[in-house]
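In what follows, a single structure is set out as structure tokens and then discussed.
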């Protein structure tokens, strides 16, 4: 079974139409009013429109490529005060920096935990900044070396295939858990050892439950990796241009048994930075909007094929499709999701798909 639906059309575009994949029906697009900055929205601003002219619903629990709303040099500068303050407080706890004993009203390990939380949070943002800057440097080098292949200036593609983008690196988990341990140590000391008001104890208890949830999630991902393996996706053609057939093969080092409701979904995802809250409580979050979706319902045989030679899939890309843009933030990209229900932990993995204009078509689009 296949179905393709444009869920939203690029702002300011003219009406367009294409045959709905697998059904032959026409979908008409409604143009949206152009905005001065389509990537940053407030909570009250309109969302992208779907094919019916209704606000498109954001994808829930979707792993964004952007991860956060601050990148590059800005995140580098943002990390420095945290690293500086964390280092200073940690040195006080270690006795390297001397302070008057009369000014210390908590155990030294509490001071060390506070300093460690600031220091590790700053280091995490600093690493994120360095990784992003190095990524841009490599992309610039590829743009110079391969000017005829603009997609190599957008993302560090391997023309043979790609791995699942589910889950974070071990370093990310380690830093996050360590910061959480530091914060929870301080909160529990204040709530239960210092005998703070009952409300503080309730808040600390809620954060304890959140911490246990994070630990459980990490354990769950580890078990899922052991059960499912780490699937990879091989490109049958690279890159894929609008109007062409996408051909891929998914392989895994683990066979999936007792699978039900096995589904493959090809999506075009647009990320936006949205401002939530008001006043001093305003913050920006990354929200993923589903602009296009094409679904394949698979059988149990397909699940087993992933470990016995590969599961082959094909999707027709619309001729007027928007292309992948992973270099900038927030990103827009094509994503292939595999989802299967099974006893224990469900199988879910996502893969980035290289959809790009041909160089000539790209030049004409930029000129227009």
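Has region 311-322 got any residue that is at pLDDT below 85 and on the phi > 0 side of the Ramachandran plot?
Going residue by residue through region 311-322, those that are at pLDDT below 85 are 311.
Among the residues that remain, those that are also on the phi > 0 side of the Ramachandran plot are: none.
Checked against the condition, which is being at pLDDT below 85 and on the phi > 0 side of the Ramachandran plot, region 311-322 yields no hits at all.
Return yes or no: is residue 327 out of contact with any helix residue (DSSP H, G or I) (no Cβ under 9 Å at 6 or more places or on another chain) and at pLDDT below 95? Explain how you work it out, then say what you get.
Numbers: out of contact with any helix residue (DSSP H, G or I) (no Cβ under 9 Å at 6 or more places or on another chain): no; at pLDDT below 95: yes.
No; evaluated as a whole, the condition is false for this residue.
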- Quick check: anything in region 69-92 closer than 29 Å to residue 250 by Cα and either part of a helix (DSSP H, G or I) or under 28 Å from the mean Cα position of the chain (by Cα) (or both)? no
- All positions within region 93-108 that are at pLDDT 90 or above and either assigned to a helix (DSSP H, G or I) or in contact with a strand residue (DSSP E or B) (Cβ under 8 Å, 6 or more places away or on another chain) (or both): 93, 94, 108
- Message: Tell me the residue from 111, 202 that is part of a helix (DSSP H, G or I), assigned by TED's automatic domain parsing to the domain that holds residue 87 and surrounded by 14 or more Cβ atoms within 10 Å (Cβ to Cβ), please.
- Response: 111
- Task: Given the conditions (1) closer than 19 Å to residue 295 by Cβ; (2) in contact (Cβ under 8 Å) with a residue 12 or more places away in the chain, report the number of the one that residue 331 does not fulfil.
- Result: (1)
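Right, residue 333: surrounded by 21 or more Cβ atoms within 10 Å (Cβ to Cβ), at pLDDT below 90 and closer than 22 Å to residue 57 by Cβ or not? Can you show your working first?
Working: surrounded by 21 or more Cβ atoms within 10 Å (Cβ to Cβ): yes; at pLDDT below 90: no; closer than 22 Å to residue 57 by Cβ: yes.
It is false that residue 333 is surrounded by 21 or more Cβ atoms within 10 Å (Cβ to Cβ), at pLDDT below 90 and closer than 22 Å to residue 57 by Cβ.
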- Query: Can you tell me which of 145, 172 is under 30 Å from residue 108 (Cα atoms) and in the same structural domain as residue 213 (by TED's automatic domain parsing)?
  - Reply: 172
- Message: Being outside any helix (DSSP H, G or I) and surrounded by 12 or more Cβ atoms within 10 Å (Cβ to Cβ) is the requirement here; does residue 191 meet it?
- Response: no
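The values are calculated or read from the model by the stated rules, or taken from the named source; none is laboratory data. Computed from a predicted model, the values in this text were never measured in an experiment. Counting neighbours? That spans all protein chains shown, and the Cβs are built from the backbone with ideal geometry, glycine included.
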